Amino acid sequence: MKSFTLSLALFFLLGTSYCMAQNHTVNGEIVAFKKYPLKNIKVTSKKTNVEVLSDADGKFSIVCNKNDQLSFYGGGFHSQRIKIKGEEYLFINLIVIQEEEAYKDVVKSEHMSKDELNYCVENLLDYNQNFDQLATIYDVVQYVYPQAKVVDPSIVEAAEPGDFGATGPQIILDSRGLNSINASLYALLVVDGIVINDISGVHPIEVKTLKVLMGNEAAHWGMRGGNGVVEITTNYE
């Protein structure tokens, strides 16, 4: 009997220790436009089903597993999901949806005041991005314009040697032209107003804005913009 009782106690002790080992607290801060704290953002743990809200300073604390997935949701913002592997602190920059109704949701949900949001939209819209979290400049292009394709010019028969944009990985914005027999398929690449042949040396953390121009929006580049234009502005402009 004593042996059974001892075994049972040991079982519960080990079980409790296991559960405690699985519990992991993550603290963090949630902002918009890289610096403005967001209130009432919902933070949810996938594995523990714990749900908390960020406070007036954008701070949160949540109990989850060491290997878990945290979701961040707020009215008017793109939701984010972060896989964690033992991290104890997170800095989350949520991206506001650039639509009038989304702006109303941000204020209605009390994530930001109307004055704060108006100021950010008018002055800090360039910071409404998470380019620094991406690995390469090509990931940034596809983040902004998911239809974009990154190709090696040597495997695209239509590429003409010496044509602009034909040295190094290139970008095709209109995939319908992949089988075209016309000269060039590539988008014009522009960094800080200068046309270049290769953007692989631009690091995501250096990017202030990235715009994809198609059709009439690219008209001011003339014939060179016929396949679209990727305009990059860096922090060094």
query = Could the peptides 131-137, 30-36 be put in order, highest first, of the mean number of other beta-carbon atoms found within 10 Å of their residues?
reply = 30-36, 131-137
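Compute the signed sum of charges (Lys and Arg +1, Asp and Glu -1) over the other residues within less than 13 Å, Cβ to Cβ, of Lys104.
Details: positive: Lys108, Lys114; negative: Glu99, Glu100, Glu101, Asp105, Glu110.
Every neighbour counted, the sum reads -3.
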ask   = Quick one: which of 55-67, 210-222 comes out on top by average Cβ neighbours within 10 Å, and what's the full order, highest first?
value = 55-67, 210-222
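Hey, with R₀ at 25 Å, roughly what FRET efficiency would Lys149 and Glu99 work out to, going by the Cβ-Cβ distance, to 0.05? Walk me through the numbers on the way to the answer.
Values: r = 27 Å, r/R0 = 1.09.
So the FRET efficiency works out to roughly 0.40.
With Rg and the Kirkwood Rh both taken from Cα atoms, where does Rg over Rh land for the stretch 182-237?
On the way: Rg = 11.4 Å, Rh = 11.7 Å.
Here the Rg-to-Rh quotient is 0.98.
Every read-out reported here was derived from the displayed coordinates using simple, explicitly stated rules and does not represent laboratory data. Since the structure is predicted, the reported quantities are computational estimates derived from the model, not experimental observations. Because the Cβ atoms are built from the backbone with ideal geometry, glycine has one as well, and the counts that use them run over all protein chains shown.
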